[in-house]
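To start, the structure itself, in structure tokens.
The values are calculated or read from the model by the stated rules, or taken from the named source; none is laboratory data. Note that the coordinates shown come from a computational prediction; the quantities given were computed from them, not determined experimentally. Here the Cβ positions follow ideal geometry from the backbone for every residue, glycine too, while neighbour counts run over all protein chains shown.
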Amino acid sequence: MMPNPYYGVKNSWNDEISIRKEATMNRPTPSTRKINIQFAAVQATYWICFFCLSGFMVVLLRKKAFSSSEIGILLAVQAISSIFAQPIISSFAENHRRIPLKYIVDAQVIVAMIMVFVLNFIGHSMIAATLIFIVLGASIYSSLSLINAIAMQIANSGIAINYGTARGVGSLMFAVTGVILGRLVVIFGVEIIIPAFILCAALSMLIVTMMYAPPVEQEDQHDHAMKGGLFELISFFSRYRTFAGFCLASTFLFANHAFLNTYIPDVVDRLGGNEYDQGLVRSIAAFVELPIMALSALLVTRIKAKYLLILSALFFAIKGLLTFFSGNLTMLFAVQLLQIPAYGLYLPLSVMFADRAVGNRDRVRAQAYVNVAGMGVGMVVGNLIGGVILDHFSVSVLLFSSFISGMIGFAIMLAVLIRYRQPGETKLSGNSSPIVNET
């Protein structure tokens, strides 16, 4: 009988894999405090970049002579690109678990920096702008789900990570950036957002690279076979029907958010404000989110998470209605306090929900799907319809539409979660998070 010429090679390969796995598992873990500081820094720099890119993008595009409808289309194309990119990228991440998520995020940031640099040199070219926004959607706007997945990987490895506080730090930096960048835009012009984004993105990439990456289990071949395709997407939501309903509600809530956020320059202009006031409105909304995000992990130990999520959905609608009735800048500034029970409460709980609403092997994709439903589909609907409304109707119609969208999102959230009774535990500061295993 002929000896197997590959016998020794195979054993040698398996031995090498075992040694590498053992070395990874035995790698010293940084302190919980250090990891939480790292993740807070990641959130801070991401949201600084996000404001630099999105805070005055409408103003920049208008200066390049794009109409409201064209701007709505560009922002919708960006969100659509994010919709398609996130499941693909998350599936790639799950199928290549040896590649730490932080390196995939780094690659996305680099691509975004290049695109923003190119954007500075195009005029009123719809084709060029469309291509740039497609790539931006697939890069920087798709990276948030992976950043959230990094936190969940750390939490699921047994390290207590305070997501709410970290995200609150992100909101704080978003607020500070709004005030500073709003003043810089008034002084230097809206083009200042281009170099500001590139510098902040470079800093973000450095901090992400330094982030702790926990060891992850390798996926077996059966799991690989289950990934990908429209059939698997349908199968995914069939397996997790409560999660599917939650994503649908998130779509309408973020359409409401798009009406109020993307077109805030038009709302401020109607009330006699300028670019500085636009930045101030966004900064107030972001600043007041900080306490509730930091306390979210504590809140879910006092109040059932499903009620908090339903409450937050209701306040999305109320904020749209009160913005509709705002007759001056002072009232508009005051309405931003409703960001506390609306977006501020929803965001950390949605991340916890996505992590615990599905099986262990589906967690990265769950983060992607929540982001797709909200920041993707919801923003597409809001940006497209909002642009058309502004071109053919008025700001008042836009704001009332935000209220209607918020009420639909609230109704779906109420119907989906009111009978939900399966809480669970995660290592997010050792507190309960809303979970459901099936249905």
task: Kindly indicate which of SER125, SER91 is surrounded by fewer than 21 Cβ atoms within 10 Å (Cβ to Cβ), without any contact (Cβ under 8 Å) to a residue 24 or more places away in the chain and not aliphatic (A, V, I, L, M).
output: SER125
- request: Out of ALA175, ALA166, ALA149, report the one residue that is assigned to a helix (DSSP H, G or I), small (Gly, Ala, Ser), within 14 Å of ALA44 (Cβ to Cβ) and under 14 Å from the mean Cα position of the chain (by Cα).
  value: ALA166
query: In this structure, is GLY327 at positive phi, surrounded by fewer than 18 Cβ atoms within 10 Å (Cβ to Cβ) and more than 17 Å from the chain's Cα centre (by Cα)?
result: no
task: Of the conditions (1) modelled with pLDDT of 80 or more; (2) surrounded by 16 or more Cβ atoms within 10 Å (Cβ to Cβ), ASN156 clears all except one; give me its number.
output: (1)
message: For segment 128-137, which positions are surrounded by 24 or more Cβ atoms within 10 Å (Cβ to Cβ) and aliphatic (A, V, I, L, M)?
response: LEU136
message: Of everything in segment 359-374, what is more than 17 Å from ALA255 (Cα to Cα) and buried (at least 24 other Cβ atoms within 10 Å of the Cβ)? Give them in sequence order.
response: VAL364, ARG365, ALA366, GLN367, ALA368
- request: Would you list the helices (runs of 4 or more DSSP H) that sit entirely within segment 36-129 and hold 1 or more residues that are touching a Pro at 6+ places or on another chain (Cβ under 8 Å) and over 21 Å from MET210 (Cα atoms)?
  value: 57-63
Meets criteria (under 15 Å from SER402 (Cβ atoms), of a type in the set (A, V, I, L, M, F, W, C) and crowded, with 24+ Cβ neighbours inside 10 Å) for ALA286: no
statement: Every listed condition ((1) at pLDDT 90 or above; (2) of a type outside the set (Phe, Trp, Tyr); (3) over 14 Å from GLY164 (Cβ atoms)) holds for SER312 save (3)
field: Unmet requirement for LYS227, which otherwise passes all of (1) closer than 28 Å to ARG98 by Cα; (2) at pLDDT 75 or above
entry: (2)
statement: When segment 375-403 is checked residue by residue, the ones that are in contact with a Gly (Cβ under 7 Å, 6 or more places away or on another chain) and either buried (at least 19 other Cβ atoms within 10 Å of the Cβ) or of a type in the set (Asp, Glu) (or both) are ASN383, LEU384, GLY386, GLY387, LEU398, LEU399, SER402, PHE403
- prompt: Can you find a residue in segment 254-261 that is among the polar types (S, T, N, Q), out of contact with any Leu (no Cβ under 7 Å at 6 or more places or on another chain), closer than 22 Å to ILE389 by Cα and modelled with pLDDT under 90?
  reply: yes
query: Residues of segment 339-360 being in a helix (DSSP H, G or I) and either of a type in the set (Phe, Trp, Tyr) or more than 22 Å from GLY164 (Cα to Cα) (or both), which ones?
result: TYR343, TYR346, PHE353
field: Out of LEU248, LEU298, LEU271, LEU290, sole residue that is at pLDDT 85 or above, aliphatic (A, V, I, L, M) and closer than 27 Å to TYR369 by Cα
entry: LEU248
message: Given (1) closer than 27 Å to VAL169 by Cβ; (2) among the β-branched types (Val, Ile, Thr); (3) modelled with pLDDT under 85, identify the lone condition not met by VAL380.
response: (1)
task: Check segment 344-361 and report whether any residue there is among the polar types (S, T, N, Q), at pLDDT 80 or above and under 19 Å from TYR307 (Cβ atoms).
output: yes
message: Among the numbered criteria (1) within 18 Å of VAL370 (Cβ to Cβ); (2) in contact (Cβ under 8 Å) with a residue 60 or more places away in the chain; (3) not basic (Lys, Arg), which one does LEU119 miss?
response: (1)
query: Can you name every residue in segment 361-395 that is farther than 22 Å from VAL416 by Cα, of a type in the set (S, T, N, Q) and part of a helix (DSSP H, G or I)?
result: ASN383
- request: Quick one: count up the residues across segment 204-224 that are modelled with pLDDT under 85 and of a type in the set (S, T, N, Q).
  value: 2
message: If ARG302 meets every condition in (1) more than 18 Å from the chain's Cα centre (by Cα); (2) among the basic types (Lys, Arg); (3) surrounded by 22 or more Cβ atoms within 10 Å (Cβ to Cβ) apart from one, which number is that one?
response: (3)
message: If the requirement is being closer than 24 Å to PHE188 by Cβ and within 22 Å of the chain's Cα centre (by Cα), which of these qualifies: LEU74, LEU119, LEU131?
response: LEU74
